[in-house]
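K.L.:
I have a structure here, written as C-alpha cells, and I will follow up with some questions on it.
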Amino acid sequence: MSSTRPSPDESPTGIVTEITDTEVTDTNLPEDVTALTSTLFLRHRLRIIEDLWEEVLCQECGQELVDLLNQLRDMCSPEGQATKFTESEVLHVVEQLDLNEAIRAARAFALYFQLINIVEQHYEQRDQQQQYRAAREALPGKNGRSSPERKPASSLEVNLLEKSLHDANARREVGTFHWLFPKLKQLNVPPQQIQRLIYQLDVWLVFTAHPTEIVRHTIRDKQRRIAKILRELDRVEDSLRSVGLSSSWEAESLREQLTEEIRLWWRTDELHQFKPTVLDEVDYTLHYFQEVLFDAIPHLYQRLKQAVHASFPGMQLPRHNFCQFGSWVGSDRDGNPSVTPQVTWQTACYQRRLVLEKYIKSTGRLIDLLSLSLHWSDVLPDLLESLEQDQQRMPEVYEGLAVRYRQEPYRLKLSYIRRRLENTLTRSQQLYHGDYLQQELLEYDEATIYHSGTDFLAELHLIQRNLGETGLSCRDLDLLICQVEVFGFNLAHLDIRQESTRHSDALTEIAEYLQVLPKPYNQMSEEERSLWLATELQTRRPLIPSELPFSERTRETIATFRMVRKLQQEFGQDICRTYIISMSHDASDLLEVLLLAKEAGLYDPATGISGLQVVPLFETVEDLLKAPGVMTAIFDLPFYRSMLSGGFAKSAEPDAAAQVSLQEIMLGYSDSNKDSGFLSSNWEIHKAQQALQSIADRYNVALRIFHGRGGSVGRGGGPAYEAILAQPGRSVNGRIKITEQGEVLASKYSLPELALFNLETVTTAVIQGSLLRTGFDDIQPWHQVMEELAAKSRSHYRGLIYEQPDFIDFFHQVTPIEEISQLQISSRPARRGGKKIWAVYEPFPGCLVGLRAAFCCPHGMG
C-alpha cells in the first residue's frame with residue numbers, strides 16, 4: 001500500500017489516471033493503449049475499494065480510527081520517495097496506542113491489504129483473458145478470416161506508451177502456448193521431435209498443507225464473493241459506458257453488496273479458534289478443486305489444442321490428462337502423528353464423494369441437453385444393446401422412466417448412468433463412516449455401481465461415439481470426458497510420505513520378535529541390510545504375522561501399508577501408488593519399504609509386479625551427494641529393474657529394452673536449504689539431477705524428478721516457469737512433478753483464469769525446457785565458478801547458523817517463534833520432538849517469523 005492515495009493526475013507515464021463513467025472503451029485501440037486503459041481502470045477500482053474500506057471502518061469503529069490510519073499511512077514513505085517523518089515519529093504514534101487500538105489498527109490494515117490483493121488478482125485475471133482472446137484473434141486464418149487491422153496509434157500515444165508498456169506486454173506473452181509453438185516453428189524444431197514430446201507429456205502438481213494455508217476457509221469464501229461482485233460491477237459499468245450513462249440502480253446495488261461483504265468480513269475472526277484437524281486441512285485444499293480446477297482443466301486442454309493446430313495442423317494431441325494432480329493432504333504422515341491410516345482412508349472417501357457429486361450434476365445437465373428423439377435421429381445398435389442390459393440390471397429405473405423417455409434413448413441411458421453414480425456415492429459415504437480396520441469392505445453389485453472412473457468413461461464414450469456417427473457433437477459431454485480422464489473417481493492421487501527411520505525401526509522390532517537375524521537389524525551394516533532385504537523380497541514366505549504384538553509405532557507403520565492395499569482394492573491402484581521416503585540415505589531405505597509393501601500384498605515376488613512406487617527423497621546436501629550411489633546400488637538388483645518394467649514377464653519379452661521403466665525421485669529444497677544455504681543447496685540439487693540422469697540412462701530407466709519446491713525462496717520457491725527452464729540437461733524430458741505448497745494455493749488457484757495461467761506456464765516450461773535446452777551444463781568454467789560460490793556460501797551460512805552456539809537462543813529472543821508456534825493454524829506440530837534446534841523446525845513457523853522479524857535466515861543467507 002502506498003502512503004498516499006494516487007491523485008487523478010498521477011501515473012507512470014504522467015497521463016491522467018482517473019477514469020470517469022463516461023469514458024468508452026474502443027476495441028480497435030492499439031494494444032499499448034488497451035493496456036493503459038486496463039491500468040487506469042484498475043486504479044479506479046482500487047480507489048472505490050479504498051473508499052468502501054474507509055466507510056466500513058467509520059461505521060464500525062468511528063472516524064477516529066480512520067484518521068489514525070490515514071495519519072500512519074501519510075507518515076510512511078511511498079516507494080522510491082523521501083519522507084519528512086523520521087522512523088522514531090512513526091514509532092511514537094504506534095507506541096501511544098493502547099492494546100485495543102493497536103489490534104483494531106492492525107486488523108484494519110490487514111483487511112486493506114487483502115482487499116487490494118483481491119482487486120489486483122481480479123484484474124490480473126481480466127488482463128489474461130483479454131490477452132488470450134487477442135492471441136486467438138491473431139491466429140492466421142482463424143474462422144477463415146485474417147485478424148482485423150487495428151487503428152494506427154498517434155505519434156503522441158506511441159511516445160507516451162511504447163517505452164513503459166511494450167516490455168511488460170512481451171513478458172506477459174512469454175510462457176504461453178500461443179507464444180511457444182510459433183517460436184518452435186520459427187526455430188525449425190523438427191515436428192517429429194515435438195510430436196514425441198507431446199505424446200509423453202506428463203506434468204504433475206501435488207498439493208500439500210505443509211506449510212499450511214493460515215487463512216480460514218470462511219475468509220477465502222468471502223474473498224471469492226467479493227471477486228464475483230467485482231466481475232458483475234465490471235459488466236454493468238461496461239454496459240453503462242456503451243450507452244453513455246454514468247450510473248444505474250444495478251451498479252449502486254452491487255456497491256452496496258460490496259460494502260455489506262466488507263462489514264461482515266470485519267466482524268469475522270481471521271484465524272481459527274480451534275486447532276484444525278487433518279480432515280479440516282483436506283477440506284481446505286479440496287476447496288480449490290471444487291471451486292476452480294474441476295471446471296478449469298478442460299480449458300487448459302482446449303488452449304493447447306488451439307495453439308498446436310495453429311502452428312502444426314496435422315499434429316496429434318496428448319491425452320487429456322497430460323496434467324494431473326496429486327495430494328499429500330491427509331496422506332503425508334512425516335512429522336504429523338495426526339495422519340493415521342483411518343484419516344487417509346477417510347480422505348480418499350471424501351475425495352471420491354466430491355468428484356462424484358460433480359459428475360452427478362454434469363450428468364443431470366446432459367439429460368436436459370441430449371433430448372434427441374428416435375423420430376429424428378438414428379442410434380447405433382451398441383447403444384440399444386446397452387439400454388437392454390441396463391434395463392435388466394436396474395429395472396426400477398426403467399419402470400420409472402420408460403414411458404417418459406420411450407423415444408429418447410440418450411436421456412434414458414444417462415438416467416441409468418446417473419443412478420449408478422448415485423449408488424457409487426452412497427457406497428463411498430458408507431465407507432467413509434466405517435472403520436476399514438474393523439470390517440471387510442462392503443459387498444456391492446458391480447452392475448449397479450461403478451468400480452472405477454474407467455467404467456464410467458466407457459459409457460460416456462459410447463454416447464459420444466453414437467453422436468459422432470450421426471454428425472453431432474456435444475461440448476458439455478466432451479468437457480465431462482476430459483474431466484473424467486483427468487480426475488477419475490479419485491480427484492487427486494494420494495502420495496504416502498514417511499520418514500525412513502520409521503521403517504528401519506519397525507523391521508528391527510519385527511526381526512527381533514521372530515528371531516530371524518543374528519543381531520539387531522539396526523546394528524547391521526548397509527551391505528548386510530541390503531543382502532537380507534533382497535533375500536526376503538524374493539521369497540514368498542510371509543514375514544509379518546497376522547497378529548501384531550508390537551509397539552504402537554510399528555503397528556501404525558504396518559497398518560499404513562495394509563490400508564494402502566485396501567485403498568487400491570476399493571478405489572483402484574491410481575488412488576495411491578507412490579510411497580515417498582523422506583531422509584533417504586541408503587539403498588536399504590528403499591528395500592525396507594518394498595519389503596513392508598510385499599508383506600501387505602502390494603508386491604508379488606512370484607511375478608515381480610508392484611502396486612506401489614518406492615520414491616526416495618534426497619534432502620540434505622550429504623544425501624544429495626550420496627544419491628547417485630544409492631540409485632546405482634538399487635538399479636543393480638535385477639528384480640528391482642524387473643519391477644520397474646512391469647514384472648518378470650514383461651522384462652523377459654523381446655522388446656523389453658524399448659519399454660519405459662519409470663523411476664520417480666524426489667529432491668527436497670527445504671532441508672537442503674536449512675543444511676547448507678540457498679545457493680549451495682540449489683547447486684547440489686542441480687548436480688544431483690545431472691548425475692542421476694546419467695545413471696538412469698545407463699540402466700535404460702526413465703526418470704521423473706519430483707521437486708519439493710515451496711512458496712518461499714527458502715523452500716526452493718519462486719516463479720515456476722523460470723525454475724523449470726533452469727533444470728539441467730535432459731532431466732525434464734517431458735516429465736516433471738512439483739509440490740504446490742499450502743501457503744501459495746490461494747495466489748495460484750483462487751480464480752479460474754489465474755489457475756489456467758499457472759497451469760499453462762508450467763506446461764509451457766516443460767515443453768520448452770525439454771526441446772530448447774540452454775547448454776550451460778557444457779560450459780566448464782561456469783561449473784568451476786558455481787562450485788566456488790557454493791562452497792563459500794555454504795561456509796558462511798553454516799558459520800552463522802550451526803557454528804554459533806547462541807544462535808538458537810538469539811532466534812527465540814528476537815522473533816515471535818514460540819507465539820506463532822501456538823497459533824491454531826495447522827494440524828502439524830511446530831517442531832519435531834520438541835527440540836529447539838534449527839533442523840527440526842517445521843516450515844510454517846520459521847517462514848512466518850522470518851517475515852515478521854526480518855531475520856530471514858532460512859532463505860536469506862548463503
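K.L.:
Here is a check on your reading of the model: is Tyr669 among the hydroxyl-bearing types (Ser, Thr, Tyr), within 30 Å of His210 (Cβ to Cβ) and modelled with pLDDT of 95 or more?
P.N.:
So Tyr669 fails the test.
K.L.:
Now, a different point. Give the residue, chosen from Leu594, Leu644, Leu590, Leu617, that is in a strand (DSSP E or B), under 30 Å from Glu684 (Cβ atoms) and touching a strand residue (DSSP E or B) at 6+ places or on another chain (Cβ under 7 Å).
P.N.:
Answer to the check: Leu617.
K.L.:
Which ones in the range 618-629 are touching a Phe, Trp or Tyr at 6+ places or on another chain (Cβ under 8 Å) and surrounded by 19 or more Cβ atoms within 10 Å (Cβ to Cβ)?
P.N.:
Once the filter is applied, which keeps residues that are touching a Phe, Trp or Tyr at 6+ places or on another chain (Cβ under 8 Å) and surrounded by 19 or more Cβ atoms within 10 Å (Cβ to Cβ), the range 618-629 yields Leu624, Ala627.
K.L.:
Exactly one condition in (1) farther than 17 Å from Arg577 by Cα; (2) in contact (Cβ under 8 Å) with a residue 12 or more places away in the chain is not met by Asp636; state its number.
P.N.:
For Asp636, the exception is condition (2).
K.L.:
For residues that are charged (D, E, K, R) and farther than 27 Å from Leu637 by Cβ, scanning just the range 538-552, find the one that is most open to solvent (accessible area, probe 1.4 Å).
P.N.:
Top of the filtered list is Glu547.
K.L.:
Can you name the condition, by its number, that Leu317 falls short on among (1) modelled with pLDDT under 95; (2) among the aliphatic types (A, V, I, L, M); (3) in contact with a Leu (Cβ under 9 Å, 6 or more places away or on another chain); (4) not in a loop (DSSP other than H, G, I, E, B)?
P.N.:
Leu317 satisfies every listed condition except (4).
K.L.:
Do we have Glu570 as touching a residue at least 40 places away in the same chain (Cβ under 8 Å) and either open to solvent by 40 Å² or more (accessible area, probe 1.4 Å) or part of a helix (DSSP H, G or I) (or both) here?
P.N.:
yes
K.L.:
Picking from Lys687, Lys626, which residue would you name as being in contact with a Pro (Cβ under 9 Å, 6 or more places away or on another chain), in a helix (DSSP H, G or I) and among the charged types (D, E, K, R)?
P.N.:
Every option except Lys687 fails the conditions.
K.L.:
Let me ask something else. May I ask you to list the residues in the range 320-339 that are part of a helix (DSSP H, G or I) and among the polar types (S, T, N, Q)?
P.N.:
Of everything in the range 320-339, just one residue is part of a helix (DSSP H, G or I) and among the polar types (S, T, N, Q), namely Asn321.
K.L.:
Suppose the filter is in a helix (DSSP H, G or I), modelled with pLDDT under 90, small (Gly, Ala, Ser) and crowded, with 17+ Cβ neighbours inside 10 Å; does Ala135 pass it?
P.N.:
Spelling it out, Ala135 is indeed in a helix (DSSP H, G or I), modelled with pLDDT under 90, small (Gly, Ala, Ser) and crowded, with 17+ Cβ neighbours inside 10 Å.
K.L.:
Just to be sure before I move on: is Arg465 part of a loop (DSSP other than H, G, I, E, B), out of contact with any helix residue (DSSP H, G or I) (no Cβ under 6 Å at 6 or more places or on another chain) and open to solvent by 70 Å² or more (accessible area, probe 1.4 Å) in the structure I sent?
P.N.:
No; evaluated as a whole, the condition is false for this residue.
K.L.:
Picking from Val564, Val593, Val630, Val615, which residue would you name as being modelled with pLDDT of 95 or more and in contact with a Cys (Cβ under 8 Å, 6 or more places away or on another chain)?
P.N.:
Val564
K.L.:
To continue, here is another question. Show me the helices (runs of 4 or more DSSP H) entirely contained within the range 340-447 in which 2 or more residues are over 23 Å from Gln464 (Cβ atoms).
P.N.:
Once the helices (runs of 4 or more DSSP H) in the range 340-447 are filtered for at least 2 residues that are over 23 Å from Gln464 (Cβ atoms), what remains is 341-369, 395-401, 409-433.
K.L.:
Okay, next question. Step by step: first the residues of the range 448-462, then only those that are modelled with pLDDT under 95 and assigned to a helix (DSSP H, G or I), then the one that is least open to solvent (accessible area, probe 1.4 Å). Which residue is that?
P.N.:
Ranking the qualifying residues of the range 448-462, first place goes to Gly453.
K.L.:
Looking only at the range 245-273, filter to residues that are surrounded by 15 or more Cβ atoms within 10 Å (Cβ to Cβ) and within 25 Å of Val744 (Cα to Cα); which one of those is nearest to the chain's Cα centre (by Cα)?
P.N.:
His272
K.L.:
Under 8 Å by Cβ, and 6 or more places apart or on different chains, what pairs join a residue from the range 102-129 that is within 13 Å of Arg224 (Cβ to Cβ) with one that is outside any helix (DSSP H, G or I)?
P.N.:
Short answer, once both residue conditions are applied: Gln121/Ser750; Gln121/Leu751; His122/Leu751; Gln125/Leu751.
K.L.:
Here is a further query. From (1) more than 19 Å from Val593 (Cβ to Cβ); (2) open to solvent by less than 10 Å² (accessible area, probe 1.4 Å); (3) among the aromatic types (Phe, Trp, Tyr), pick out the condition that doesn't hold for Tyr699.
P.N.:
With respect to (1) more than 19 Å from Val593 (Cβ to Cβ); (2) open to solvent by less than 10 Å² (accessible area, probe 1.4 Å); (3) among the aromatic types (Phe, Trp, Tyr), Tyr699 is out only on (2).
K.L.:
Could you tell me whether any residue of the range 346-362 is free of Cβ contacts under 8 Å to residues at least 60 places away in the same chain and small (Gly, Ala, Ser)?
P.N.:
There is no residue in the range 346-362 that is free of Cβ contacts under 8 Å to residues at least 60 places away in the same chain and small (Gly, Ala, Ser).
K.L.:
Consider Leu115 carefully, then state whether it is under 15 Å from Glu50 (Cα atoms), in contact with a helix residue (DSSP H, G or I) (Cβ under 7 Å, 6 or more places away or on another chain) and either surrounded by 14 or more Cβ atoms within 10 Å (Cβ to Cβ) or modelled with pLDDT under 85 (or both).
P.N.:
Against the criterion (under 15 Å from Glu50 (Cα atoms), in contact with a helix residue (DSSP H, G or I) (Cβ under 7 Å, 6 or more places away or on another chain) and either surrounded by 14 or more Cβ atoms within 10 Å (Cβ to Cβ) or modelled with pLDDT under 85 (or both)), Leu115 qualifies.
K.L.:
Would you confirm, using the coordinates I've provided, whether Gly335 is out of contact with any helix residue (DSSP H, G or I) (no Cβ under 9 Å at 6 or more places or on another chain), within 30 Å of Leu567 (Cβ to Cβ) and crowded, with 16+ Cβ neighbours inside 10 Å?
P.N.:
no
K.L.:
Can you pull out every residue in the range 342-383 that is open to solvent by less than 50 Å² (accessible area, probe 1.4 Å), farther than 15 Å from Gln429 by Cα and of a type in the set (Phe, Trp, Tyr)?
P.N.:
Of everything in the range 342-383, just one residue is open to solvent by less than 50 Å² (accessible area, probe 1.4 Å), farther than 15 Å from Gln429 by Cα and of a type in the set (Phe, Trp, Tyr), namely Tyr359.
K.L.:
Name every residue in the range 477-498 that is closer than 30 Å to Glu592 by Cα, assigned to a loop (DSSP other than H, G, I, E, B) and touching a Lys or Arg at 6+ places or on another chain (Cβ under 8 Å), in order of residue number.
P.N.:
If the condition is that a residue be closer than 30 Å to Glu592 by Cα, assigned to a loop (DSSP other than H, G, I, E, B) and touching a Lys or Arg at 6+ places or on another chain (Cβ under 8 Å), then Asn490, Leu491 are the ones that fit.
K.L.:
Still on this structure, please answer the following. Within the range 633-666, restricting attention to residues that are more than 24 Å from Glu536 (Cα to Cα) and modelled with pLDDT under 95, which residue is most open to solvent (accessible area, probe 1.4 Å)?
P.N.:
Once the filter is applied, the top-ranked residue is Pro654.
The values are calculated or read from the model by the stated rules, or taken from the named source; none is laboratory data. Note that the structure is predicted; figures quoted are calculated from it, not measured. Neighbour counts are summed over all protein chains in view; Cβ atoms, including those assigned to glycine, are modelled from backbone coordinates with ideal geometry. Please note that ligands, DNA and RNA were not included when accessible areas were found on the heavy atoms of the full protein model with its side chains. Shrake-Rupley method; radii C 1.70, N 1.55, O 1.52, S 1.80 Å.
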